[in-house]
Amino acid sequence: MTDIKLDRPLIFFDLETTGTVISRDRIVEISVLKIFPDGKRQVHTKLVNPEMPIPPASTAIHGISDEKVKDAPTFSMIAQNLFIYFEGCDMGGYNINRFDVPMLINEFKRAGLDFSIEGRRMIDVYNIFCKLYPRTLSAAYKFFCGKELTDAHSAEADTVATLDVFEGQLRMHPELSRNLDELHAFSDLSDPDSVDSSNRFKWVGGVVTVNFGKNSGKTLSDIALNDPGFLKWIIRSDFPDDVKGIAQNALLGKFPEKKTNEE
């Protein structure tokens with residue numbers, strides 16, 4: 001690496017998973033790039049059987065299906081060797097502090113290994129990117145419009161500036177669609193498996209599951225049967241109306257039905 005002096009190996013790694021709920025989801029692929037102080041590099045990539053169905057929405061993102069991992073080793077089968085491979089190394093990756101590292105720690109824990117990042121230097125390229133290119137409206141205005149935003153946080157100035165930024169994005173990126181339906185889809189970052197507007201309930205293999213709190217990963221029907229107090233707590237608490245409605249209906253034995261593409 002240019003101008004970087006290593007005093008011990010640095011591992012860049014990335015995970016593909018069944019989803020984004022760290023307490024519930026599992027790794028389906030791990031790729032590790034180890035850089036040694038002498039400049040030597042090793043790359044190892046391995047599929048992992050998550051021992052649970054891979055949701056179609058996740059497969060659509062990373063292309064890894066149940067069929068593809070059916071003969072792959074489970075994480076517990078590779079955990080010991082992977083643990084040793086990471087020993088004494090600093091770590092790097094993209095958004096690893098928020099997702100990949102906690103996911104990896106959980107997988108090691110399930111395999112009976114206490115993986116720690118204490119004493120390791122962590123290089124999160126995503127965080128560096130965000131600090132170099134802040135995501136504020138003022139920063140976007142300077143980048144796309146080439147000038148400073150005056151009267152920032154004035155509602156009218158921010159509204160006009162936002163339109164200017166949008167027009168600047170279209171000028172700078174001719175590959176962006178000019179069709180509003182397509183722009184709507186492109187700007188939508190919501191989870192396609194979300195059942196409600198705040199992603200409190202999620203589709204997993206066509207079944208509604210809880211996506212937060214102590215019951216994360218459990219099916220809604222199981223909660224309605226075995227822990228109705230949890231649903232009553234949702235109804236009494238400060239949740240959006242659609243979340244409360246799902247909880248209320250579940251107590252009555254009514255559960256959401258997933259629409260197919262044909263509907």
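The values are calculated or read from the model by the stated rules, or taken from the named source; none is laboratory data. What you see is a predicted model, and the numbers here were worked out from it, not measured in a lab. Counting neighbours? That spans all protein chains shown, and the Cβs are built from the backbone with ideal geometry, glycine included.
List of remarks:
- Sole exception among (1) more than 21 Å from Asn49 (Cα to Cα); (2) over 19 Å from the mean Cα position of the chain (by Cα); (3) of a type outside the set (Gly, Ala, Ser) for Tyr94, by number: (2)
- When Ser177 is tested against (1) farther than 30 Å from Ile11 by Cβ; (2) touching a Leu at 6+ places or on another chain (Cβ under 9 Å); (3) assigned to a helix (DSSP H, G or I), exactly one condition is not met: (3).
- Selection over region 113-146 of residues that are in contact (Cβ under 8 Å) with a residue 24 or more places away in the chain and in a loop (DSSP other than H, G, I, E, B) gives a count of 5.
- When residues in region 14-40 are screened for being β-branched (Val, Ile, Thr) and touching an Asp or Glu at 6+ places or on another chain (Cβ under 6 Å), 4 of them pass.
- The residues in region 213-245 that are of a type in the set (Phe, Trp, Tyr) and surrounded by 15 or more Cβ atoms within 10 Å (Cβ to Cβ) can be counted, and the count is 2.
- Test: residue in region 203-212 that is touching a residue at least 60 places away in the same chain (Cβ under 8 Å), closer than 20 Å to Ser23 by Cβ, touching an Asp or Glu at 6+ places or on another chain (Cβ under 6 Å) and not in a loop (DSSP other than H, G, I, E, B): yes
- Restricting Ile54, Ile35, Ile64, Ile78 to those that are more than 30 Å from Gly217 (Cα to Cα) and surrounded by 14 or more Cβ atoms within 10 Å (Cβ to Cβ) reduces the list to Ile35.
- Ile30 being part of a loop (DSSP other than H, G, I, E, B) and under 19 Å from Met122 (Cβ atoms): no
- Some residue of region 178-185 being under 30 Å from Thr17 (Cα atoms), among the hydrophobic types (A, V, I, L, M, F, W, C) and surrounded by 11 or more Cβ atoms within 10 Å (Cβ to Cβ): yes
- Exactly one residue out of Ile4, Ile35, Ile27 is in contact with a helix residue (DSSP H, G or I) (Cβ under 6 Å, 6 or more places away or on another chain) and not polar (S, T, N, Q), and it is Ile27.
- Filter result for the condition that a residue is outside the structural domain of Pro53 (by TED's automatic domain parsing), under 16 Å from Gly19 (Cα atoms) and without any contact (Cβ under 8 Å) to a residue 12 or more places away in the chain, over Lys218, Lys244, Lys259: Lys218
- Across region 1-27, the number of residues qualifying as closer than 21 Å to Ser216 by Cα and assigned to a loop (DSSP other than H, G, I, E, B) comes to 9.
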